[in-house]
Amino acid sequence: MAVFCLICCMTSLSSQEARDTVLWNDWDFRVSPYFWFVGLKGEINRPPAPVNPEEPPPPKYEVDVGFKDIRNSIKFALMLAGQYRGNRLVAQFNFSSLILESEAITPLELILEDNIVNLTYFGGDLEVGYRVIKNPKFELDALAGLKFFYFGIDVSTKVGGSIPVEGARSRGWMDPTLAVNIRYNPHKKLSFVGYGDIGIPGIGSDFSSQFITMVQYHFTKTFFTSLGYRSYFLKIPEDEAIFNGQLQGWIARLGFQF
C-alpha cells in the first residue's frame, strides 16, 4: 500500500510539473532585443585602394579579433529577434547590424598615414516552418526562408600625412535557407534552445551557415533572459567578397512573450 501511494504521489507531481511547463510555455508572440559580443576571424578581400601607391595593397588581409579588441571601435549596433508560434505554424526573424571604425584593420598602414577604416555589417534571416514535434518537454521546428547579409568597407587616409583620399566597396547577398529550431524544457522556468541553418549555395554565396545555442531562464510567464553563443560562417566567391570567414561570440537576450 505504501509503495502504491508513493507511485500515485510521484505520478501526480509529474503531471503537475508537465501542466506548469505547458502553462509557462503557452505563448504566441515573442520579441527579444539582444546583443552579440561578436568577433571576426577571416579575410577582408581586396580592400579599397584610395590611391595608386608605389606598392598596391594585398588582395587579402587577415583579421582575427575578438570582441574585447573591437569594443571601443563600435559606432553603431542594433539587434532584434522575434517569433510567432501557432499550433503548428512557426514564423520568425533575426536581424543584427554592426558598424566599426578603427585604425587597426587596414592593409595600407606601411604606405599611408592616419588610416581610418569603417567596416559595416547588416545581416538577418526570415523563415517560416512547421512544428514537427510538440510536447511539454521537447520541441522541434523545421524551417525554410531567406537570409541576407551586407558588408561595406570605407577607407580614408592621408598620403604623406597631408593629402586626404578615400575609397569604398560594398555588396549585399541573399541565400535561400533551410533551418531547424530545437527546444528542451527540463523545468517550467528553464529551457535549452538551439538553432541552426544552412544557406543553399549557388545563388548568393558559395556557402553560409549559422548556429546558436542558448540557456533561457524565465523570470515570469512574460519576461525571460537568455545567454548563449552564436557563430556565423560565410564563404563568398572571391571576385565578389568583402569578408570571408566567421563572425562569432557570446550572445545575451532580454525578451518578452505573450
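The slack in the chain from Tyr84 to Lys189, taken as 0.36 nm per residue of separation less the alpha-carbon distance, amounts to 35.8 nm.
If the chain linking Ser170 and Asn72 were pulled fully straight, counting 0.36 nm for each residue of separation and taking away their Cα-Cα distance, it would gain 33.0 nm. Near Leu178: Cβ cut-off under 14 Å, other residues only, Lys/Arg at +1 and Asp/Glu at -1. The net charge is -4. In this simple spin-label approximation, Leu227 and Ser97 carry label points 7 Å from Cα along the Cα→Cβ vector, and these lie 2.9 nm apart.
For the range 193-232, backbone nitrogen atoms closer than 14 Å to the point 7 Å from Leu146 Cα along Cα-to-C-beta are found at 200, 203-205.
Each reported figure results from applying straightforward, stated rules to the coordinates on display, with no laboratory input. Since we're looking at a predicted model, the values are computed, not measured. Don't worry about glycine lacking a Cβ; one is built from the backbone with ideal geometry, like all the others, and counts go over all protein chains shown.
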